[in-house]
Structure formats: C-alpha cells, structure tokens
Amino acid sequence: MPRSERSPLLLAGLLATAGVAHFAVPRQFDAVVPRSLPGSPRTWTYVSGVAELALAAGLAVPRTRKPAALAAAAFFVGVFPANVKMAADWRDRPAPQKAVAFGRLPLQIPLVLWARGVAKNAEGRA
C-alpha cells in the first residue's frame, strides 16, 4: 500500500487510540481541561474522546475522508489550549515530565499539517 494510502489510516489509528484512552483513563485528560470551559472536566474528556473516535471513523472511509481530515485539523488546533494548560501545570515537575509537556506544544503543528495533507490527497482522488 503506497504511503499516501496508509497516511489517513495511520492518522485514524492515532485518533482512535487517543479516543479510547479518553474512556480508559479519563482522569489524566480531566486534569488538562482548561478551567475556563463550562461544566465538568469529565464531560469534556468524554466529548473529546467521542470526537476523536468519530474523526477516526471518518478518516477510515474514503467517501468522508476529506471533511474528516479538515475537521481533524481544526480539532488539533482546538485542543491546543489543553496542551498549554498541561505545560503550565507541569512546569515544576521533574525534567522528563516537563519535557513531555512542553514537547507536546510544537507537535500540534505536524498533526495539523498531516490532517491537511490527508484532506488535500483525498481531494485529488475524488
């Protein structure tokens, strides 16, 4: 299978894994929900898990791949504040944990670009 055909499936797998993790170990996700959001952090954890699972399903189906990929790019931008909160909350932790928290911030850029690339490739195949 060519790389361009594997790419959306790999992105779908990443999102599906993250979505399942939101339900399997929700406490770690609750901790990074920005306090400014209304309602309970657990609700936001579950909502984002459902969104990730839905995006994964959309990416897996060629007919819905382009809109799902564009939505995934927007999702990666939308969850950035949670990553900023995590970095701020972990600034006094040991160096390895702090490195993970701060290292996640620039990783949003390749995720957004990956999703946009999947959308562009899906457009070319339509």
Rg and Dmax in Å for the range 69-126, alpha carbons only: what are they? 14.5, 49
Solvent exposure ordering (accessible area, 1.4 Å, most first) of 52, 123, 5: 123, 5, 52
With θ set to phi - 60° and the Karplus curve 6.51 cos²θ - 1.76 cosθ + 1.60, what are the ³J(HN,Hα) couplings of the range 33-39 in order, to the nearest whole Hz, using x for Gly and Pro? 5, x, 5, 6, 6, x, x
The chain - charge dipole about Cα centre, Lys and Arg +1 at Cβ, Asp and Glu -1, debye rounded to 20: 180
In Å³ per residue, the alpha-carbon convex hull of the chain encloses 107
Between the range 70-112 and the range 19-60, what's the alpha-carbon centroid distance in Å? 15
With n ≥ 4 as the cut-off for DSSP H runs, can you work out [θ] at 222 nm for the chain, using -39500 (n - 2.57) per run divided by the number of residues, rounded to the nearest 500? -27000 deg cm²/dmol
Helix hunt in the chain: which complete DSSP H runs extend at least 24 Å axially by C-alpha with mean Kyte-Doolittle at least -1.0? 3-24, 41-60, 95-125
Residue-normalised value, i.e. accessible area per residue, for the chain at 1.4 Å probe, in Å², stands at 60
Please report the relative contact order for the range 6-126, taking Cα pairs under 8 Å with a sequence separation of at least 6, and give it as a percent rounded to a whole number. 29
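The values are calculated or read from the model by the stated rules, or taken from the named source; none is laboratory data. This one's a predicted model, so the numbers in the text were calculated from it and none came from an experiment. Note that each Cβ is placed from the backbone with ideal geometry, even for glycine, and that neighbours are counted across all protein chains shown. Ligands, DNA and RNA are excluded from the accessible area calculation, which covers all protein heavy atoms including side chains. Shrake-Rupley method; radii C 1.70, N 1.55, O 1.52, S 1.80 Å.
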